[in-house]
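The values are calculated or read from the model by the stated rules, or taken from the named source; none is laboratory data. Since the structure is predicted, the reported quantities are computational estimates derived from the model, not experimental observations. Cβ placement follows ideal geometry from the backbone for every residue including glycine, while neighbour counts extend to all protein chains displayed. Quick note on the areas: whole protein, heavy atoms, side chains included, nothing else; ligands and nucleic acids left out. Shrake-Rupley method; radii C 1.70, N 1.55, O 1.52, S 1.80 Å.
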Amino acid sequence: MSTQQDTTSTYTLPAIGFGTYTLRGESGAEAVRSAIENGYRLIDSAFSYENEASVALGVARAVDASLAERSELTVTSKVPGRHFGYDEALAAIEESAARMAPIGPIDLYLIHWPNPKLDKYVDTWRALIEARERGLVRAIGVSNFLPEHLDRLERETGVLPVVNQIESHPRFPNTEQVGADAERGVLTEAWSPIGRSSDLLQDPVIGRVAEAHGITPAQAVLAWHVSRGVTPIPKSSTPARQVENLASAQIRLEPSEIEEITALGRPDGRLAGQDPATYEEL
């Protein structure tokens with residue numbers, strides 16, 4: 001299995017993960033089970049997605065059917081902004097752990113957003129550290145954190161996240177943050193890895209790269225992420241698309257192709273209202 005590895009620890013991630021945003025209920029559980037059957041070993045969820053129980057059910061079904069060993073899987077969830085501060089965050093983590101109790105401790109638990117105006121993310125981070133020490137979660141990280149947020153966590157607690165999950169796609173490569181994570185030994189995951197732009201996959205640069213390798217435009221974008229050392233987390237409930245997305249981990253792009261796709265970034269490429277410096281998750 002292709003992995004990216006933290007330079008300061010032995011923590012690793014699969015090259016491509018499976019996103020579960022909007023996947024709920026029985027269909028959501030089946031999508032997770034199918035994803036594991038098709039080879040995914042990193043499953044991403046969140047308290048705010050309201051699907052932790054469905055994700056756990058899908059994982060449990062896959063393990064019971066011997067589609068994967070539980071120890072092979074990294075199941076992720078996230079504490080939301082509305083539970084910021086030590087006590088509220090710890091209560092939310094305990095709730096997440098209860099929802100996912102059928103599959104044991106949560107493998108990776110993140111702070112979803114820094115919510116800088118609230119200025120409680122350090123207290124929340126202390127709650128994640130406590131949850132890890134209590135065995136509720138195995139590893140802890142963050143999402144949408146800027147370099148100054150990461151540095152403050154280390155300065156005030158002595159603990160850096162193992163992962164930072166950020167917005168990254170060809171319209172907004174977020175190259176500086178990817179580099180800042182790497183400098184600190186923090187692994188980078190990409191949410192919305194193909195973007196939410198309806199015309200991105202019609203871009204001629206991506207089409208040309210895809211044609212050169214005999215792959216789809218979506219595979220070209222996912223392979224671009226992997227080539228940059230970033231773990232993308234695409235979502236699909238369609239088994240054929242799940243297989244197609246995961247196969248992108250084996251595609252090797254030329255350095256010039258990586259540069260061409262990265263150059264598609266735009267000053268206004270970030271999704272509207274999603275700047276971590278100002279965004280406040282409710």
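If you take semi-axes √(5λ) of the Cα gyration tensor in Å from the coordinates, which of [x] 28, 23, 16; [y] 30, 27, 22; [z] 26, 22, 20 do you get?
Among [x] 28, 23, 16; [y] 30, 27, 22; [z] 26, 22, 20, the one calculated here is [x].
Output the relative contact order of the range 1-108, whole-number percent, from Cα pairs under 8 angstrom with separation of 6+ residues. If you can, show how the numbers build up before the last one.
Numbers: 160 pairs, mean separation 26.0, N = 108.
Averaging sequence separation for qualifying contacts and normalising by length gives 24 percent for the range 1-108.
With the Cα gyration tensor of the range 148-190 giving a ≥ b ≥ c as the square roots of its eigenvalues, does the rule (a/c under 1.5 for rounded; else a/b larger than b/c for prolate; else oblate) give rounded, prolate or oblate?
Details: a/c = 2.61, a/b = 2.34, b/c = 1.11.
Because a/c hits 1.5 or more and a/b exceeds b/c, the range 148-190 counts as prolate.
Only four residue types carry charge here, +1 at the Cβ of Lys and Arg and -1 at the Cβ of Asp and Glu. Report the dipole size of the range 169-253 about the Cα centre in Debye, rounded to the nearest 20.
It works out to roughly 120 debye.
With each pseudo-label sitting 7 Å past Cα toward Cβ, what's the Thr12-Val243 distance in nm, one decimal?
Going from the Thr12 label point to the Val243 one covers 2.6 nm.
Take the alpha carbon gyration tensor of the range 130-170, find the square roots of its eigenvalues, order them as a ≥ b ≥ c, and report rounded if a/c is under 1.5; if not, report prolate when a/b exceeds b/c, else oblate. Walk me through the intermediate numbers first.
Numbers: a/c = 3.83, a/b = 1.42, b/c = 2.70.
Judged from the Cα gyration tensor, the range 130-170 comes out oblate (a/c at least 1.5, b/c at or above a/b).
Net charge near Leu200: determine it from the other residues with C-beta under 12 Å of the C-beta of Leu200, scoring Lys and Arg +1 and Asp and Glu -1. Let's see the in-between values first.
Working: positive: Arg171, Arg196, Arg266; negative: Asp199, Asp203.
For residues surrounding Leu200, the net value is +1.
Rounded to the nearest 0.05, what FRET efficiency do Glu154 and Ala91 give with R0 = 25 Å and r taken as the Cβ-Cβ distance? Could you check? It would help to have the intermediate numbers written out before the result.
Numbers: r = 25 Å, r/R0 = 1.01.
E between Glu154 and Ala91, to the nearest 0.05, is 0.50.
Where does each of 22-29, 243-250 land if you order them by average Cβ count within 10 Å, highest first?
Numbers: 22-29: 16.2, 243-250: 20.0.
Highest mean packing first, the order is 243-250, 22-29.
To the nearest 20 debye, what is the magnitude of the charge dipole of the range 218-262 about its Cα centre, counting +1 on the Cβ of each Lys and Arg and -1 on the Cβ of each Asp and Glu? Provide the component values of the computation, followed by the final result.
Working: 4 positive and 5 negative charges, 58 e Å.
Dipole size: approximately 280 debye.
Ranked highest first by the average count of other Cβ atoms within 10 Å around their residues, in what order do 106-112, 146-152, 189-195, 135-141 fall?
Peptide ranking by packing, descending: 106-112, 189-195, 135-141, 146-152.
Can you give me the distance in nm between label points at Ala65 and Gln250, each placed 7 Å from the Cα along the Cα-to-Cβ direction?
Between Ala65 and Gln250, the simple spin-label model gives 2.2 nm.
Near Leu253, within a Cβ-to-Cβ distance under 14 Å, what is the net charge of the other residues, with Lys and Arg +1 and Asp and Glu -1?
Details: positive: Arg208, Arg228, Arg252; negative: Glu211, Glu254, Glu257, Glu259, Glu260.
Every neighbour counted, the sum reads -2.
Given the C-alpha centroids of the range 159-193 and the range 59-107, what is the distance between them in whole angstrom?
Cα centroid of the range 159-193 versus Cα centroid of the range 59-107: 22 Å apart.
What is the dipole size for the range 120-169, taken about its Cα centre, with +1 at each Lys and Arg Cβ and -1 at each Asp and Glu Cβ, in debye to the nearest 20?
Values: 7 positive and 8 negative charges, 43 e Å.
Computed about the Cα centre, the dipole is about 200 debye.
In percent, what relative contact order does the chain have, based on Cα pairs under 8 Å that are 6 or more apart in sequence?
Working: 537 pairs, mean separation 56.9, N = 282.
Across the chain, relative contact order equals 20 percent.
Net charge near Ala31: determine it from the other residues with C-beta under 12 Å of the C-beta of Ala31, scoring Lys and Arg +1 and Asp and Glu -1. Show your work: numbers first, answer last.
Values: positive: Arg24, Arg33, Arg61, Lys235, Arg241; negative: Glu26, Glu30, Glu37.
My count for the surroundings of Ala31 gives +2.
Under the rule of -39500 (n - 2.57) per DSSP H run of 4 or more residues, summed and divided by the residues of the chain, what mean residue ellipticity at 222 nm is obtained, to the nearest 500 deg cm²/dmol?
Values: 10 runs with 112 residues, N = 282.
After summing the helix terms and dividing by residue count, I get -12000 deg cm²/dmol.
Please report, as a whole percent, how much of the solvent-accessible surface of the range 8-68 comes from carbon and sulfur atoms (probe radius 1.4 Å). Before the final figure, lay out the partial values.
Details: 1070 of 2190 Å².
Heavy-atom surface of the range 8-68 belonging to carbon and sulfur, 1.4 Å probe: 49 percent.
For the modelled label position 7 Å from the Cα of Ala277 along Cα-to-Cβ, which residues of the range 112-151 have backbone nitrogen atoms closer than 17 Å?
114-119, 144-151
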